[in-house]
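In what follows, a single structure is set out as structure tokens and then discussed.
The values are calculated or read from the model by the stated rules, or taken from the named source; none is laboratory data. Remember, predicted model here, so these are calculated numbers, not experimental data. Here the Cβ positions follow ideal geometry from the backbone for every residue, glycine too, while neighbour counts run over all protein chains shown. To get the accessible areas, we keep the full protein, side chains included, count just its heavy atoms, and leave off ligands, DNA and RNA. Shrake-Rupley method; radii C 1.70, N 1.55, O 1.52, S 1.80 Å.
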Amino acid sequence: MADFFDAMVIGDGEEAVVEICHLACEAKEAGARKNDLLKAISKLEGVYVPLIQAEGHRVRKRIVSNLDQASYPTCPVVPYMKVVHDRLAMEIARGCKRGCRFCEAGYIHRPYRERSPERVQEVLEKSLGQTGYEEFSLLSLSAGDHSSMGSLLETLMDDYEPKKVAVSFPSLRIENVMDFWRSR
């Protein structure tokens, strides 16, 4: 991959992309050369620049530790054409609690982090108002593992059922579903 990219963000990119954009703007204003920009970018945590850093150089993965503080798009682009997943995507957690040996994603996206129910509700309200979607999806490697899923789902259903807005879960483990229904 190093032959094809000037720089790669390893891990979570939300914060790093903003930092890279600031450095690029500063470099452009200063009339800096591309190599000078790449040197500056290579000093950022979680960024690998093949031209600057030697092959085998270890880059520490960038992690957004608090998803509530990370920015989340509340005005996503809505396609003009019909798409398969025609709904708003809301990431409620990142990583996985389970640590199953066969699951690469569970290992790559460690540690497990959750968005608070309040932040999920805030983003959904703004995003649905901006997009006009009639369905949203609660995304994570296993949405049912969210520590507040029961109360969050009840609140969301109370808020959005009268508005005819549907909720979907693309990733549920059956034991989470059974636990949820047993608790009712």
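At a Förster distance of 35 Å, what's the computed FRET efficiency of K97 paired with A24, Cβ-Cβ distance as r, to 0.05? Before the final figure, lay out the partial values.
Details: r = 37 Å, r/R0 = 1.06.
Result of the calculation: an efficiency of 0.40.
For Cα extents along the principal axes in Å, one of (1) 57, 57, 45; (2) 60, 40, 29; (3) 49, 37, 29 was computed from the structure I shared and the rest are decoys. Which label?
Of the listed options (1) 57, 57, 45; (2) 60, 40, 29; (3) 49, 37, 29, (2) comes from this structure.
Can you compute the label reach from M81? Point 7 Å from Cα along the Cβ direction, backbone N cut-off under 18 Å, restricted to the range 123-149.
Answer for this model: none.
Run the numbers for E134 and E154: contour at 0.36 nm per residue of separation, minus the present Cα-Cα distance, in nm.
Working: separation 20, 0.36 × 20 = 7.20 nm, distance 1.77 nm.
Here the answer is 5.4 nm.
Among the GluC sites (Glu not before Pro) in the range 19-94, which ones are in a DSSP loop with at most 12 other Cβ atoms within 10 Å of the Cβ? Mind listing them? Before the final figure, lay out the partial values.
Numbers: sites: E19, E26, E29, E45, E55, E91; in loops: E45, E55.
Those satisfying the criteria are E55.
Over 26 Å between C-alpha atoms is what I'm after, so list which of K97/K164; K82/K164; K97/K126 land there. Walk me through the numbers on the way to the answer.
Details: K97/K164 32 Å; K82/K164 20 Å; K97/K126 29 Å.
Listed pairs above 26 Å: K97/K164; K97/K126.
If contacts are Cα pairs under 8 angstrom and at least 6 residues apart, what is the relative contact order of the chain in percent?
Details: 233 pairs, mean separation 33.3, N = 184.
Dividing the mean separation by the residue count of the chain yields 18 percent.
If you roll a 1.4 Å probe over the chain with all protein chains in place, what percent of the accessible area is carbon or sulfur?
Working: 6490 of 12020 Å².
The computed percentage sits at 54.
Using protein chains only and a probe of 1.4 angstrom, how many square angstrom of D36 are accessible, to the nearest 10?
Probe radius 1.4 Å; accessible area of D36 about 80 Å².
Cysteines without a disulfide-compatible partner in the chain, using Cβ under 4.7 Å as the rule?
C21, C25, C75, C96
What is the dipole size for the range 1-52, taken about its Cα centre, with +1 at each Lys and Arg Cβ and -1 at each Asp and Glu Cβ, in debye to the nearest 20?
The dipole of the range 1-52 has a size of about 320 debye.
Over the range 25-96, calculate the relative contact order: mean separation of alpha carbon pairs under 8 Å at least 6 apart, over the residue count, as a percent. Display every interim value, and only then the final one.
Details: 27 pairs, mean separation 12.0, N = 72.
Dividing the mean separation by the residue count of the range 25-96 yields 17 percent.
Extending each Cα 7 Å along its Cβ direction at K34 and S168, get the distance between those two points in nm, one decimal.
4.1
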